[in-house]
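Structure first, commentary second.
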Amino acid sequence: MSSRVALRFEPRPPARPVRPRVHAYGAKRALDVAGALVLLLLAAPVMLSAALAVVLTSRGGVLFRQDRVGVHGRRFRVLKFRTMAAHCPEDAHRAYVTAMMSGALAPTDGIYKLRADPRVTRVGALLRRASIDELPQLLNVLRGDMSLVGPRPPLPWEVEMFPVWAASRFVVLPGLTGLWQVSGRNHLTMLDGLRLDVEYVVDCALWLDLRILARTLPALLNGGAR
């Protein structure tokens, strides 16, 4: 399996060039490593409880590993706590995203989200509600696959549906949180989210990362990051 997704477009800078900044290299990486280590220490009791809940209430492994597309189209394995029954097909999710991207999908109560997904376990639903299932991605941050802040890491088949103007989102590392997540994630279409990803790339700066991180917890408490 190739470690790079064959994009139908090449990642390229947006119309307004991203100016090289120290933030984009040393300072951002330092923030990622320090932040991930601190968060792992603080979240350790929650993560241990989540792992026990997953393994004791359903069959399958504790962690869910899935191929995602990262910087410059490189493929990596994202880590999450397993929230679904083991070996579930993704046909329903693929059909939902396809309908959303084509404009054929209307929100339910103002929210774009696959409702009553039979694949999700009871414990999984609770973990997703508070985004606890995404805490293992802090390990992806330490490994350099992801950043604390950046565009959402998409699935390979999702990338095939992206418009050409979204190419610039791949010039930075994907993030654990980002503008999409703190701007009402489930109230936005995927195209709206892609526009926010591009906006982040154009305006990327250390102060913006810190601002997004500060907005993430309130967004989670308000249900806006899910």
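Residues that are hydrophobic (A, V, I, L, M, F, W, C) and open to solvent by 20 Å² or more (accessible area, probe 1.4 Å): list the helices (runs of 4 or more DSSP H) wholly contained in segment 114-226 that include at least 2 such residues. Outline the logic, then answer.
Working: elements: 122-129, 137-143, 156-159, 179-182, 190-203, 206-221.
Fully inside segment 114-226 and qualifying: 122-129, 137-143, 190-203, 206-221.
Working carefully through the options 52, 39, find the one that is over 25 Å from residue 147 (Cβ atoms), in a helix (DSSP H, G or I), at pLDDT 90 or above and open to solvent by 60 Å² or more (accessible area, probe 1.4 Å). Please lay out each step first, then the result.
On the way: 39 fails: over 25 Å from residue 147 (Cβ atoms).
Sole residue among the options that is over 25 Å from residue 147 (Cβ atoms), in a helix (DSSP H, G or I), at pLDDT 90 or above and open to solvent by 60 Å² or more (accessible area, probe 1.4 Å): 52.
Which of the residues that make up segment 65-89 are touching a residue at least 24 places away in the same chain (Cβ under 8 Å), touching a Leu at 6+ places or on another chain (Cβ under 8 Å) and within 21 Å of residue 149 (Cα to Cα)?
66, 67, 68, 69, 70, 71, 73, 79, 80, 81 - these are the residues of segment 65-89 that are touching a residue at least 24 places away in the same chain (Cβ under 8 Å), touching a Leu at 6+ places or on another chain (Cβ under 8 Å) and within 21 Å of residue 149 (Cα to Cα).
Does segment 74-94 hold any residues that are modelled with pLDDT of 80 or more and surrounded by fewer than 14 Cβ atoms within 10 Å (Cβ to Cβ), and which are they?
Those that are modelled with pLDDT of 80 or more and surrounded by fewer than 14 Cβ atoms within 10 Å (Cβ to Cβ): 77, 86.
Using the structure shown, decide if residue 57 is under 21 Å from the mean Cα position of the chain (by Cα), open to solvent by 40 Å² or more (accessible area, probe 1.4 Å) and modelled with pLDDT under 95. Outline the logic, then answer.
Values: under 21 Å from the mean Cα position of the chain (by Cα): no; open to solvent by 40 Å² or more (accessible area, probe 1.4 Å): yes; modelled with pLDDT under 95: yes.
No: the conditions fail for residue 57.
Just one of (1) modelled with pLDDT under 75; (2) open to solvent by 70 Å² or more (accessible area, probe 1.4 Å) trips up residue 65, so point out which.
That leaves (1) as the condition not met.
The values are calculated or read from the model by the stated rules, or taken from the named source; none is laboratory data. If you're wondering where the values come from, they're calculated on a predicted model, not measured in any experiment. Glycine also receives a Cβ, built like all others from the backbone with ideal geometry; neighbour counts cover every protein chain displayed. Quick note on the areas: whole protein, heavy atoms, side chains included, nothing else; ligands and nucleic acids left out. Shrake-Rupley method; radii C 1.70, N 1.55, O 1.52, S 1.80 Å.
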